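Heads up, the thing below is written out as C-alpha cells.
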Amino acid sequence: MADEMTAAADSVQCPVCYKEFKSSAINGHLDACLMKSVTDSSPSTMDESEPPLKKSRISGEAMSPSPGVNKPVFSSSCAAAEPSSAMFSLFQTNKTKVSPQSERSGSVSSKQTAATAVNKGIKRNLLSEAEPGAAGTEAANNQPCGSNGHTLKTRSDISTRTLLAIDKPLAERLRPNTLEEYFGQNKVVGQQTLFRSLLESQEIPSLILWGPPGCGKTTLAHIIASSSKKKGTARFVTLSATSTSTAEVREVIKQAQNELRLCKRKTILFIDEIHRFNKSQQDTFLPHVECGTVTLIGATTENPSFQVNAALLSRCKVLVLERLSVEAMGSILDRAVDTLGIRVLGRDPENPEDQDQSDRHEPKIFIEQKALDTIAYLCDGDARAGLNSLQLAVQAQISSARPNSSQEIVVKEEHAKEGLQRSHILYDKAGEEHYNCISALHKSMRGSDENASLYWLGRMLEGGEDPLYVARRLVRFASEDVGMADPSALPQAVSAFQACHFIGMPECEVILAQCVVYLARAAKSVAIYKAYANVKACLRNHKGPLPSVPLHLRNASTKLMKQLGYAKGYKYNPAFSRTVEQQYLPEELQGIDFFTWTPSDP
C-alpha cells in the first residue's frame, strides 16, 4: 500500500492528454505530445479526447450569427481555406480560466466564445490597416474570407488618407520583402549573380554592405531575414552600433552558441552602422565569425577599408551597393503610388475602383508625372528620402482639402520640391567623398579644365565643405603644379586664403572660384615639385654617412673655428662684379642636377 501511494505521489498528469506519467519522463512526453497535437490539428484527424481547436482568426465582418444559436456561423469556404490550429488551456493568454474538464468537453460559454472571436476579428482588421506593407506576406497566405466565401480585399479597401495617417514613414512600410521588389542593385543581386544563388540556397556568407544612404543596405538585410525565417534555416538578430554595447553583443553571441549547439540552427547577426564600433569592439566578432557561430552582416556608409578592422574585413565579403539610378527610383515611386491608390495624370486609365472611392466620399488623388520625375532626379539616389518626400507632398495636399469633400487633389511638381526640402548633394566632409572631390578638383585644374574645376569646387562648397580647407589646397597647387611657369599664382592663392578667412561663406565662394579659374588657366610646371622630390630621394637612398659640409661654406663664429679652417677661401658674391666660380655641393655630389637627375640614374 505504501508503494502504491509513493508511485501515485511521483506521477504527474500531462496537461495535454491528461495521462499519468512519472516525473522523470513527463518532459520528454510533453514535447512529443505538443508536437503531435500541432501537426494533427486538422478537424478530420483529431480524436474526440483531444483538447478543442482554437477558433479561426477572421475579421468581424465575416461573422454572421444565426438566430437562436449563440455561436457565430462561418462560411464553409473559410473553414476549408484556413484550418484551425490547436490551442490548449495551458497556453491561453485570456484571463478567463477554464477547467481542464470543461475545456475537454468543449463546454465553454457561447458568450465568451463569440466575444473572443469578434475581438480577434477586430484586431486582425486593425493590423491589416495599420501595416499593409509589413503584413503583406501574412495577408497573402492567410487572407480572411467573407460570409459568401469570396476573399476579402485588404489593401485596396484602405483609403489613401488612412495609409498616410499611420504613424510610420512610407519608406518603412513599403520596404520590400523579396528580391523581385528590390530595385536598382542588379550588379549585386541580379539574376545569374553569385550572391543571388547563395541567397536562394541559404548559404549566406559574412557580408559588409557598403553604399550611400538610402541605397537598400538595410532592406537587403531584411530580405535575407525574411528568406531565412520562411525556410527556418537561420535565426536573424538585428542590432545597431549606435545604441548597442559590447555586453549586448556578447549576450547575442552566447545565445547563438546555444542555438547552434541545441537546435543546429545558425544565427545571422545584422549590425547597422557597423563603422560606429571602434576597433576593439569589432574584435569581439572575430573568433565567432571565424568558427561560424554567427554569420555577420554589417551595413556602413563609410569606406570599410578605413572604418572596419582589417582582420574582420578579411573574414567578410564586401558588397558595394551603388547609388540608385533615376530609372530605379522611378520604379520605386511607381510602386509607392500604386500601393497608395494614387493615379498618375496622363498615364493611368479609368478604372471602376475610382467610383467606389467616390462613393465613400473620399477625394480622388492624382499626381503629375513631372512631380514623380522631379523626386526621382532630386533625391540623389536616396530611396528613403524620395518616398518620404512623396508622403509629405501627398499628406500636405490631403490636409489642405476640405473634410468630407470629393474634390480631386492634384500633387504637382512644386509640391514635390517642397516635400523634398533638402540638399540633394551627397557629400561627406569627413568621409571618402571628401577626398574624392578634392582629388577631382586638383586633377581638373592640373588638366586646365576650368569648367570641371568650377563644378567640383561647387560640389564641395554646396555640400558644406570648409572654404579654408579648399583655399589651403589651392595654395599647395600654386606651387606644386604651376610653380615657376607663373610665379604670381602663389600670391594669388595666398590672397584668396586670406580673403576667405576675412569674409567667410557664402560671400567667399566667388573668391575661391576666381582663384580656381586662374590656376586652371595658368601655365603649368612641376619642375620645382620634381626637383625637390629628387632631393628627398637622394638623401634617403644615400649609403653610409651623409657628406660633410665643405669648410669654406661653414660659418666661423669663433676664433677656434677660424683656426680650424671654417669659412677659409669663401668668396663673398656681392664683392665681385662677375659670376663667381665656387663649389657649393659636397665633393660626392659635384655636377649633379636635381632637375634632370632621377634615383635610377647610375
Out-of-range pairs (alpha-carbon distance over 22 Å; input LYS187/LYS417; LYS229/LYS254; LYS36/LYS266; LYS230/LYS266; LYS168/LYS217): LYS187/LYS417; LYS36/LYS266
Amide H partners (placed H, <5 Å) of SER240, local residues excluded: ASP272
In nm, spacing of pseudo-spin labels at THR178 and LYS230 (7 Å Cα→C-beta vector): 0.6
FRET E, pair GLU408, SER331, Förster distance 35 Å, beta-carbon r, rounded to 0.05: 0.85
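For the stretch 507-601, how many pairs of lysine residues have a Cα-Cα distance under 29 Å, where the two are 8 or more positions apart or belong to different chains?
7
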Difference of contour (0.36 nm per residue) and Cα-Cα distance, LYS22 to ARG315: 100.5 nm
Cα gyration tensor category, rounded, prolate or oblate, for the stretch 523-602 with a/c compared to 1.5: oblate
Förster-model FRET efficiency, 41 Å R0, THR284 and LYS443, C-beta, rounded to 0.05: 0.50
Whether the stretch 223-291 is rounded, prolate or oblate, judged on the alpha carbon gyration tensor where a/c under 1.5 counts as rounded: oblate
Cα-based shape type of the stretch 506-547, given that a ≥ b ≥ c are square roots of the gyration tensor eigenvalues and the cut on a/c is 1.5: prolate
Gain upon complete extension [ALA396, GLU200; 0.36 nm per residue less C-alpha separation]: 66.4 nm
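Quick one: with all protein chains in place, what share of the accessible area of the stretch 505-602 is carbon or sulfur, to the nearest percent (1.4 Å probe)?
It is 57 percent, rounded to a whole number.
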Built amide H within the under 5 Å cut-off of VAL318, gap 5+: ILE208
Distant-in-sequence amide H partners of ILE268 (H built 1.01 Å from N, under 5 Å): ARG235, PHE236, VAL237, THR295
FRET efficiency, 1/(1 + (r/R0)^6) with R0 30 Å, evaluated for TYR435 and GLN257 via beta carbons: 0.15
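The values are calculated or read from the model by the stated rules, or taken from the named source; none is laboratory data. Keep in mind the model is a prediction, meaning the values are calculated, not measured. Every residue, glycine among them, receives a Cβ derived from its backbone with ideal geometry; neighbour counts consider all protein chains shown. Side chains included, ligands, DNA and RNA excluded: accessible areas come from the protein's heavy atoms. Shrake-Rupley method; radii C 1.70, N 1.55, O 1.52, S 1.80 Å.
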